[in-house]
Structure formats: structure tokens, C-alpha cells
Amino acid sequence: MPRPSDSRLLFATAAAVLLACAPVSGAWARRREPVAEAPPPPPAPANQVSLPQRLVAEAAAYQAYLERVSATSPAFTSGLGVSHALKDAVAYEPKALIRGAVAYGAIAALEEPSFVAALRAAGNTPDNRRLMVGYISADVGYALLFKGADGAAGLAKEALGSAGLKLMATGKTIKLSAYEIQHQDWSKQDVADRSGRLAAVEAEGQSPLPAADDHVEALQRAASGTSPLPITAAPAAPPYTPLVARAIQLAAIAALGEAGDDTYDRLALLASDDTTDSCLHIAKLNLNQCLAVAKPNYEDVFCMGQHAMTDTGTCLVRNAGVDMPIEVKPPAPAETPAAVKKPRPRRGRG
């Protein structure tokens, strides 16, 4: 006869077997239903449209330089005034000026909404954006395939060309003033410390553009689309000059949100143009040669107007692909009958 404890053990074992074999229903059944897997997270969104802070600062310095020098008054009254204006006009290193120009053109190009939208639609995943940046960096032609590229190019071309035209116009005015002020006594005096002045000009020409912190915030807002620049232009058909193409290239990468501060070194290499660089170096060389032989103050005014302003502006206008202004020459003086009929002297025969 089994003991009571053994009976309880047998009963518990039998009950466990019956429960294991019985069908499961109710709340227990719901717990055993397979759980549906959660959908994968959406791709990370693109970063905000922007440019590296240092490139924006260089664009601001470029913009401020052109505004400052283009506002130079031809009403000089002293050699000191000429010296200060000359210092402003020559205060750029060509490669730094070009970086600022390309960045400024890119900010203008980012005001074309269809161009920005097309790039961001194509770069809808991190992998797509990474591949697109590689294509754009290797070949600017890739950026020009997107909708709105012609509109972006028109804005970049206008931003660069119109500023260059203003500088050219100021330079011509300054150059003409050299002829007018040479009747004033101070202008006939020799430039003080001519050799020191030339050395200072050459040194200024190797320095970065003066910082323009007061322009940076506005350009940051413009680059992000918050507050566009006051620039309007019709779409520009290709082909584009290298300077404009570089601006489109930089704008395309910024539109993808892939132009953060950590990309400055790589993007600064894109913000260059050998043709414009050569043109600006020639302008600098001609300026230094002009100043080397200039003696009175009015000759410094001539050198500044022609080479520091007009030549620099011409480099920007031509390399932006903007038409040069037509030079209207004054009519030649009419010849008098006496002058026409004046006989040439004859040589005697030996």
C-alpha cells in the first residue's frame, strides 16, 4: 500500500501531464501568438543646407572687400588719403579672393529652390548622399544634371559679375581722377617713402582678405534659405566658366547637407580656379610695376584705379562669363583742310 506522500506525488505528476496535453485557450493562447516585427527605422534625414563656417567667413570677406573698394571716392585731397585707399584696394591674396568668390557664388546659387529640392530628393538616404558627394566632387558636370541647375548658375553668374562690374566702374573713375587732381599742389609731391610703400603693397597682396564679421550672419541665413540675398537673375544656359561651375559644385554639396565644418579643407580645394588666379596675379604684377616707377601722388592714383581696381574687376567679370561693358570712345577731332593738304618734307638729292 503506497504512502500518503507517494499518492500526492503521483497525482501532481498526472495533473501536469494532462495540462501539457490539453489545448490552450483564452489569455494563455494570446500570449503564445507570434509577435510581428517592428518596421525598420526610416533613413536618417539630411542635415540642414549650409556651408562650412570658414567658407562663409571668406565669402563675407570677399563681399565686404568689393563693397568697400567699389565705394572709394575719387575726391582725394591728400597723399595720405591716396595711401589709405590704395591699401584697401590691394588687400587680397588671389587664392583667398577666389575662395571667397566661389563661396559667395555658391550662396547665391542656393537661392534656386528647384535646384536644392532636386538634390535633396535624390539624396534621400545617407548612402545616396555619400555617393552623390563623390560624383559631384569628381565632376562638376554631375551637379549640372539636376533640375534648376541653370537657374542656380544664373544667380551665381550675376552675383560674381555684377560685383566685378561695379569694381571696374570705380576703377575707371579713379583712373580719370588722376588727370584731374594733378593740377593740385599736393598731388604733384612725391609719394612719401616710395620703397616702403611698395613693400607694404606687396605684403598686403599676400595676406588673406580682412575679416568681415558684420557680414557673416546675413550670409549664413542666406545659405540656409532663411533670408535670401537681394539677387535676381534669369537662368543661364551652359557652357559655364570654371568660376561659375565651381560655385554650382559647392552649392550642390551644401544642398545635400554634406558641407559641415569638418569638410572645409576638402571643399576649399574645390573653391579654386586657375584661370582667375592667373588673371589676378597678372593684375598684381602690373600694379607693382606701375608703383615701382610712380613718383608723384597722382601717379599712385592712376596705378590704383587701373591695376588694383579695373584689372581686378575685369578678372571677375570675364571669369564669371559676363559680357564686358562696351567702351564708347569719343569721336576723333575732324582734320582741317590745311592739315590734310600739308605737304610732307622732301629730302634733297645728293
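Just so you know, all these numbers are worked out from the coordinates, no wet-lab data involved. Predicted model only: the values in this text are computed from it and were never measured.
Which entries of 175/295; 188/284; 166/188 show an alpha-carbon separation above 20 angstrom in the structure shown?
Violating the 20 Å Cα-Cα cut-off are 188/284; 166/188.
Along the three principal axes, how long is the range 45-127 when you take its alpha carbons, biggest first, rounded to the nearest angstrom?
For the range 45-127, the Cα extents along the three principal axes come out at 62, 21, 16 Å.
Which of rounded, prolate, oblate describes the range 134-210, given a ≥ b ≥ c as roots of the alpha-carbon gyration tensor eigenvalues and a/c under 1.5 marking rounded, otherwise prolate only if a/b is larger than b/c?
Note, shape of the range 134-210 comes out oblate.
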